[in-house]
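Taking it in order: structure first as structure tokens, then the write-up.
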Amino acid sequence: MPSEFSIIRTVEFSETDMAGIMHFANFFYWMEACEAAFYRSLKLPIISFVPGNVVGWPRAAVSCEYKAPLRFNDVVQVKLLIKEVRNKAVIFVFQFRKTSEGIALPAIVAQGEVVVVCVTAGADGVMVAQPIPAEVRAMLQVASPENHTG
């Protein structure tokens, strides 16, 4: 049962502003890319359209604290940690660290948090929060608290 997952990304020119610094919104795109890769690693769809069993994970809350800039061509580790698993929701923490020679440096340059809610489609097609399926819950483990503070 994983409690952590990470991906490596390189800051592309199109992701930067006129000063060559990664635009703040791209941190949210990278968090979502890491989350999607995490689900793929577990062989779980980020959304299932199986009739009668539609499941998705919309965001209930998102935040990001920026501590240092990321710049064009920086190679960055985006690390997902499971902070909390609730009955119908999961809280993920995302830590951004520059890398050097393939190793993540200790300093966290940004840290985000995303609360996702497990939903299904109600009879009228509207999203309805539902308990996280047992088979999904069994794949999720909360990371040690000291790991998800930055």
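Annotations for the structure displayed:
- Restricting the first member to the range 4-20 and to residues that are in contact (Cβ under 8 Å) with a residue 24 or more places away in the chain, and the second to residues that are of a type in the set (Gly, Ala, Ser) and assigned to a loop (DSSP other than H, G, I, E, B), the beta-carbon pairs closer than 6 Å and six or more apart or on different chains are Glu4/Ala143.
- Among residues of the range 72-97, those that are in contact with a strand residue (DSSP E or B) (Cβ under 6 Å, 6 or more places away or on another chain), open to solvent by 50 Å² or more (accessible area, probe 1.4 Å) and under 23 Å from Met18 (Cβ atoms), counted: 2
- Within the range 1-50, the residues that satisfy the criterion of being within 16 Å of Arg71 (Cβ to Cβ), surrounded by 11 or more Cβ atoms within 10 Å (Cβ to Cβ) and aromatic (Phe, Trp, Tyr) are Phe24, Phe27, Trp30.
The values are calculated or read from the model by the stated rules, or taken from the named source; none is laboratory data. Bear in mind the structure is a predicted one, so any value in this text is a computation, not a measurement. For neighbour counting, all protein chains shown are included, and Cβ atoms are generated from backbone atoms with ideal geometry for every residue, glycine included. For the accessible areas, the whole protein counts, side chains as well, though only heavy atoms, and no ligand, DNA or RNA atoms are used. Shrake-Rupley method; radii C 1.70, N 1.55, O 1.52, S 1.80 Å.
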